[in-house]
Every structure is written in C-alpha cells, then in structure tokens.
Amino acid sequence: MTQTPNSDVVSHGIRVRAAAQPVPERSDPESDTYEFVYRVTITNEGSTSARLLERHWVILDADNGRQDVRGPGVVGEQPYLAPGESYEYMSRCPLTTPWGTMEGSYTFERDDGSRFEAAVGRFFLVSAKYAQPRAGS
C-alpha cells in the first residue's frame, strides 16, 4: 500500500501513523462513488500501557462536506498496548468526491483509569486520477 501522503503524530506517548490509497476497482466516477483504504499504525512509545477505547474521525470531502464518525475501538477491537508495542489495522472510507481528508483522535485509558486523546493527523484521500504525476513534473 502506498505510504504517502500520510500523517505521523505523537501525543501522550502514542505515535499514530496513517496513510491512504484509492481503490479504483471499487470506485465509479460516473456515480460519484470513490473508495479509499487506509492503514493506521499505533505505537506506544510511552512508559505506561494503554487501551484504545474509542475513535473519532473527521472526514472532509472536496466540497467541504463533513462527516464525524465516532465509535468504540477500531475494526471491532480495543487493542491494549504495553510500552513498545504496536497495533496496525486497515479500513475503508467511501467519498462522493475524488479527494478529501481524514483526521481525528483515539481515546485511550491507562491502567490507573486516566483517559487521554491521541491525535490522528490529517491525511489525504486522493483518487487515482489526481494521484498521477503531471506531464513535465
């Protein structure tokens, strides 16, 4: 999977890396349907363990339409990360425009019950049409 454009953010000792790519075979520009897959790698670079409880995504399309997606865990899981451990998953995002952005946060809980937000930096969803290099570039 293509790793750029991407985001790489560390907050509260949790590093979140994200990258997306288009899925042309599941997209239909005639119907304003564009499908993207994204990969997220979460690494606990801190000194204490934490469990991912919830996610919040802010998805913007090319027309500045906004979707907020909230829910428990990621892909049906609530991974527990000890210091030095990583968790990786892939998911998908449909849009009605050929490009957009995603960003958000994960709510984590430490063993002592304290909670914090780990940021997911903005990354881009760009259809294959727009991802091609231009002549002369």
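The values are calculated or read from the model by the stated rules, or taken from the named source; none is laboratory data. Given the structure is predicted, the values throughout are model-derived calculations rather than measurements. Cβ atoms come from the backbone with ideal geometry, glycine included; neighbour counts cover every protein chain shown.
A few notes on this one:
- Test: residue in the range 38-61 that is polar (S, T, N, Q), within 19 Å of Val9 (Cα to Cα) and surrounded by 18 or more Cβ atoms within 10 Å (Cβ to Cβ): yes
- Within the range 64-90, the set of residues being surrounded by 15 or more Cβ atoms within 10 Å (Cβ to Cβ) and either of a type in the set (Ser, Thr, Tyr) or within 29 Å of Ala128 (Cβ to Cβ) (or both) comprises Val74, Tyr80, Tyr87, Tyr89.
- Failed item, numbered, when Tyr106 is tested on (1) closer than 22 Å to Glu35 by Cβ; (2) at pLDDT 95 or above; (3) buried (at least 18 other Cβ atoms within 10 Å of the Cβ): (1)
- Against the list (1) in contact with a Phe, Trp or Tyr (Cβ under 8 Å, 6 or more places away or on another chain); (2) over 25 Å from Pro24 (Cβ atoms); (3) of a type outside the set (Gly, Ala, Ser), the condition Thr101 fails is (2).
- Within the range 114-129, tally of residues that are under 17 Å from Asn44 (Cβ atoms) and not in a strand (DSSP E or B): 1
- Under the condition of being within 16 Å of Arg92 (Cα to Cα) and basic (Lys, Arg), the residues counted in the range 49-75 number 2.
- Here Val37 clears all of (1) touching a Phe, Trp or Tyr at 6+ places or on another chain (Cβ under 7 Å); (2) touching a residue at least 40 places away in the same chain (Cβ under 8 Å) except the condition numbered (1).
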